[in-house]
């Protein structure tokens, strides 16, 4: 398998360029529901370029992600600046959406990358893999929703991706060629790698059934190292107790549609912590057709996209408060507990009639998350 690489991410402070709003194909459901019922604080205003981006991405609009960017800008920070996210997935590709564009560098840290399947440092997608529910380009898709630079690269004009936290650094770790975990060993190794490189967040948009004790031990080590672990509730599994989503040590994300109703495919149960947009989400698609690698941007659905948005929001929260200050105030091992408590109790909005006993405490609201005062009580909460 040929190994592809992406240029290193370098940290810079830049102003987002004015991006012109481009038309795109949208579902009938979305066309009839473009009014956001979550009201925006009058004290925060979006500049025209961010309004154009928001208007073409209902997920960013509903979660008020770009208003969170403005709150960070008021502190002289870029969205996700100084935060490292490990994405444990099916690998990565040099998709144009993940390369430098619009005065943003590439957010992908290939110098820290790992492949626990091939036991090397080149986590490319294996398009020849055959297994249960193979999703060869899934890692690229999820990565773009987390960190793709704002606006369109020159390759795409009509439909493009803006990540939730484009100034964060993302480390790709290939742990599987499928989104269904059969064993936890490779993912556990990827989590230990995140600890080694001092990551702040681990996003896990996959899951499986079984005890997987080795994996749970690794997640506990990550929590003790101050790493927030965010996982997908899973798709079309109903109330099955998918792991690592079911475990107390993770933040589990369900998906809603663009009417702010639970997505029909989202797993559900009292162990789901919150929900986020997961239908008609722009993401970068990499596929192999007729022996050619094809890069596209498409609309997607699933709890993986919802998980990516929450991972981006977590990066904004760490950047907003400052990791060093959080450690000084609470200690490293308390950061995951504090974030989960704030996220569930304050970092959501609850649409009328939202079934919070099955899909979490509400829908991600980044402004509420950043505005929430840091707690004095860090007692952990158990999932039911």
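Every read-out reported here was derived from the displayed coordinates using simple, explicitly stated rules and does not represent laboratory data. All of these numbers come straight from a predicted model, not from anything done at the bench. So basically every Cβ, Gly included, is an ideal-geometry build from the backbone, and we count neighbours across all protein chains shown.
Before moving on, here are some points about what is shown:
- Most mobile listed residue (340, 289, 174) in the chain, GNM with C-alpha springs under 10 Å: 289
- GNM flexibility winner over the chain from 111, 333, 290 (Cα, springs under 10 Å): 290
- When the Gaussian network model of the chain links Cα atoms closer than 10 Å, the mean-square fluctuations of 75, 298, 344 top out at 75.
- Across the stretch 46-371, Cα pairs under 8 Å and at least six residues apart give a relative contact order of 21 percent.
- Of [x] 85, 45, 44; [y] 51, 48, 40; [z] 71, 45, 40, the label for Cα extents along the principal axes in Å derived from the coordinates: [y]
- Computed from label points 7 Å out along Cα-Cβ, the spacing between residue 345 and residue 332 is 2.6 nm.
- Which of 296, 97 has the fewest Cβ neighbours within 10 Å, and the rest in rising order: 296, 97
- Here the sum of -39500 (n - 2.57) over DSSP H runs of 4 or more residues, divided by the residues of the chain, equals -8000 deg cm²/dmol at 222 nm, to the nearest 500.
- Whole-number percent relative contact order across the stretch 251-384, with pairs defined as alpha carbons under 8 Å at least 6 apart: 28 percent
- Ranked 160, 152, criterion: other C-beta atoms within 10 Å, fewest first: 152, 160
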